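Peer 1: Here's a structure for you.
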Amino acid sequence: MKILVFSSLFPNKVQPNSAIFIKNRMEAVNKIDGYEVKVVAPVPYFPSLPFCGSLFKRWTHFSKIPQKEWIDGLEVWHPKYLVSPKIGMSLYGLSMYLGARSLVKKIYKEYHFDIIDGHYVYPDGLAAVLLGKVFNIPVVLSARGTDINLYPQFLPIKKIIQYVLKRADKGIAVCADLKNIMVSLGTAQDKIKVIPNGINPSLFYRLNKETARKKVGIKQKGKVLLSVGSLTERKGHHLLIEALGRLNKEHKLLWSTYILGQGEWHGKLDKMIHKYQLEDKVFLQGQVANSFLVDWYNAADLFFLGSSREGWPNVVSESLACGTPVISTPANGVPEILTEDDYGVLLQERTVEHFYREIPKAFGRQWNFDKIYEYGQGRTWGIVAVEVTEIFNDAIASKK
């Protein structure tokens, strides 16, 4: 089977950590005998103009992405499409389709793909189903999170998403909660299959804690709380810092906290750290390459996720795969990962009060790290790939 992956989120030379879970899934599919994968990953068009760098810092990096590259054995093409920052989002899917169509036709002449595997229901999903119509081949769409738990709140986008879900031959949701939302949008229940993400056991495994701490440069004594995620409101780091400030004022913190990631809230979070006098307790570490996360997970005693919404948060699965317990908000797919109290703490609410109360309790528990590790290692990308190929085969069979 020849598969064409279509996803603007796919990693590239400039953004190697972007939606790496898509790459991991399809890399695993590509390794199965009888399956071949190529990727079309559209990127916004932006001219290479040196004088625009300071004005459009967020966009200039797109001009540095090559038209074609190889990523972990996968051939990846990057057609360009037009976007207008902050406006015209309802046109992004059509723009993506128009920008990619000629390239996809060129690819098809030499690589007669049997199916289109689209990731992100909008805008990528609209482009994918329009391409599927051009070639009269089935399209499978994967819902990842924001595309289903946020975008349908905007009426014009909601109508497009409903159209896309109707036109797709099959759908994949990374958690049952997203599937339920897709069904509420009018999708037939038997059309959607829940296929959670996996982990790579060669990248995420247990290490000696002291060795791991030396590798990442942790010099503070005592226990360690770790959080990994973009520095945005959605990830809840501001609520965490406020809770830590309160704890430090009342009880003096007995652990240090490390936050890995980058984003627009970096300055705000840094100010909060100074406001609550946490300079020697809370550290913003910046972006860390995926290959180095294993050291950080193992260096930590507890992993924290404070998101308001998620799909299937890979950071939770990766932490568990390293034997590190998790304390998290109940965002979307998280309750489907933390199925037992032995694996972590599922917070009832996303509030400073809950973080303030529950984090010290989690540090005080006696965790069975062997059980956590065994559970975390249980779902690999190889298992995920087999499940994905089954729905591909079903989609092709139903198209005939």
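The values are calculated or read from the model by the stated rules, or taken from the named source; none is laboratory data. Worth saying up front: this structure is predicted, and the values here are computed from it rather than measured. As a convention, Cβ positions derive from the backbone with ideal geometry for all residues, glycine included, and neighbour counts pool all protein chains shown. These area figures cover heavy atoms from the full protein model, side chains too; ligands, DNA and RNA do not enter into them. Shrake-Rupley method; radii C 1.70, N 1.55, O 1.52, S 1.80 Å.
Peer 1: Among SER184, SER18, what's the order by accessible area (1.4 angstrom probe), most exposed first?
Peer 2: From most exposed to least exposed: SER184, SER18.
Peer 1: Tell me the carbon and sulfur percent of the accessible area for the chain, rounded to whole percent, probe radius 1.4 Å.
Peer 2: 52 percent
Peer 1: Of the chain, which part is the longest with no GluC sites (Glu not before Pro) in a loop (DSSP not H, G, I, E, B) and with at most 14 other C-beta atoms within 10 angstrom?
Peer 2: 1-263
Peer 1: Same structure again: Straight-line reach from LYS31: which lysines fall under 17 Å, measuring Cα to Cα and dropping same-chain residues less than 8 apart?
Peer 2: Output for LYS31: LYS2, LYS23.
Peer 1: Could I ask something else about it? Please give, to one decimal in nm, the separation of the simple spin-label points placed at GLN262 and GLU75, each 7 Å out from Cα toward the Cβ.
Peer 2: Output for this residue pair reads 3.2 nm.
Peer 1: May I have the pair-distance distribution P(r) for the chain, computed from all Cα-Cα distances with 10 Å bins from 0 and rounded to whole percent?
Peer 2: For the chain, the binned pair fractions read 5, 22, 31, 25, 14, 3, 0 percent.
Peer 1: Still on this structure, I have one more. Taking each pair of different alpha-carbon atoms in region 304-380 once, compute 1/r for the pair, average those values, and report the inverse of that mean as the Kirkwood hydrodynamic radius in Å to one decimal.
Peer 2: About 12.4 Å, per the Kirkwood formula over Cα pairs.
Peer 1: Name the residue from PHE283, ASN298, MET272 whose Cα lies farthest towards the positive end of the charge dipole of region 265-305, charges +1 on Cβ of Lys and Arg and -1 on Cβ of Asp and Glu.
Peer 2: Selected residue: MET272.
Peer 1: So, one more: Could you work out Rg/(2.2 N^0.38 Å) for region 104-224, with Rg from alpha carbons only?
Peer 2: So the Cα radius of gyration is 1.48 times the expected 2.2 N^0.38 Å.
Peer 1: Hey, another quick one. What is the gain in length, in nm to one decimal, between LEU155 and LYS275 on full extension, counting 0.36 nm per residue of separation less the C-alpha to C-alpha distance?
Peer 2: Residue separation times 0.36 nm, minus the Cα-Cα distance, leaves 39.2 nm.
Peer 1: What number does region 200-327 give for Rg over Rh if you use C-alpha atoms and the Kirkwood radius?
Peer 2: With Rg and the Kirkwood Rh in hand, the quotient comes to 0.94.
Peer 1: So for region 222-296, averaging the separation of alpha carbon pairs under 8 Å that are six or more residues apart and normalising by length, what relative contact order in percent results?
Peer 2: 38 percent
Peer 1: What are the residues whose amide H is under 5 Å from the amide H of PHE304, where those residues sit 5 or more places off or on another chain and H is modelled from the backbone?
Peer 2: Those qualifying (amide H under 5 Å, at least 5 residues apart or on another chain) are LEU226, SER227, VAL228, ILE327.
Peer 1: Modelled label-to-label distance, TYR111 and THR351, 7 Å Cα→beta-carbon offset: nm?
Peer 2: The two pseudo-label positions are separated by 5.2 nm.
Peer 1: If amide hydrogens are placed 1.01 Å from N in the peptide plane, which non-local residues have theirs closer than 5 Å to the one on VAL83?
Peer 2: TYR45
Peer 1: Let me ask something additional. Against the longest alpha carbon principal axis of the chain, how many degrees, from 0 to 90 and to the nearest 10, is the axis of helix 92-110 turned?
Peer 2: 60 degrees
Peer 1: Got a sec to turn the phi values of region 18-24 into Karplus ³J(HN,Hα) couplings, 6.51 cos²θ - 1.76 cosθ + 1.60 with θ = phi - 60°, whole Hz, x for Gly and Pro?
Peer 2: Using θ = phi - 60°, the values come out as 5, 6, 5, 5, 5, 4, 4 Hz.
Peer 1: Another question about this same structure. Bin width 10 Å, origin at 0, all Cα-Cα pairs of region 146-212: what percent of pairs per bin?
Peer 2: Histogram of Cα-Cα distances, whole percents per bin: 19, 39, 17, 14, 10, 1.
Peer 1: Could you give the accessible area per residue of region 285-400, probe 1.4 Å, as a whole number in Å²?
Peer 2: That works out to 39 Å² for each residue.
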